Amino acid sequence: MVDQERLLIEAAQRDPQRFAELYEANFERVYVFIVRRVHDRTQAEDLTSEVFRHALENLSRFEWRGVPFAAWLYRIAANTIADSWRHSPNRNTDASALDDLDRSNWQEIERRASLYQLVGGLPEDQRKVVIQRFIEQKSIRDIANEFGRSEGAIKQLQFRALEYLRARAGGSHE
């Protein structure tokens, strides 16, 4: 896998159109890394886009050192979040979360990226409930009002989604 990643990077350095493969392979993990820190889906999407734009612009300067390509992307993401936080009047970002990089918690980030992929496979209603409940941190009542459903119906959607995720994630709990 490491050799395959290195070949992908080298191919993208020669032909920027090949960067799409690196983007596809790393999008979820970078998005999860960012959304966990900014707690706002729209901002996370914008910052993720910025990370990949920056990575593509600077790919020619990337040097393979045996470290996963994602580590370079996480560093760009951390810097992008920090820049955003410094320039934001409402400072909605938890700056202490940027220290995660120094603790080398790649396994946790990878687990969250896998979970994000699983959430993407949920039926639309369940996916929306999970995103609003656990990423946007909305209350059951607020989600119910937005969906035009009872709180019980939202709880049932959440329960079904979590059961699916637990089964697919091998029983690990978020």
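The values are calculated or read from the model by the stated rules, or taken from the named source; none is laboratory data. All of these numbers come straight from a predicted model, not from anything done at the bench. Note that we place each Cβ from the backbone using ideal geometry, even for glycine, and neighbour counts take in every protein chain shown.
Worth pointing out:
- Selection over the range 10-44 of residues that are surrounded by 19 or more Cβ atoms within 10 Å (Cβ to Cβ) and over 23 Å from Gln117 (Cα atoms) gives a count of 1.
- From the options Gln132, Gln117, Gln137, Gln126, residue that is of a type in the set (S, T, N, Q) and touching a Phe, Trp or Tyr at 6+ places or on another chain (Cβ under 8 Å): Gln126
- None of Arg29, Arg37, Arg111, Arg75 is modelled with pLDDT under 90, over 25 Å from Glu136 (Cβ atoms), assigned to a helix (DSSP H, G or I) and under 18 Å from the mean Cα position of the chain (by Cα) except Arg75.
- Filter result (part of a loop (DSSP other than H, G, I, E, B), of a type outside the set (Lys, Arg) and over 14 Å from Ala44 (Cβ atoms)) within the range 114-140: Gly121, Leu122, Pro123, Ser139
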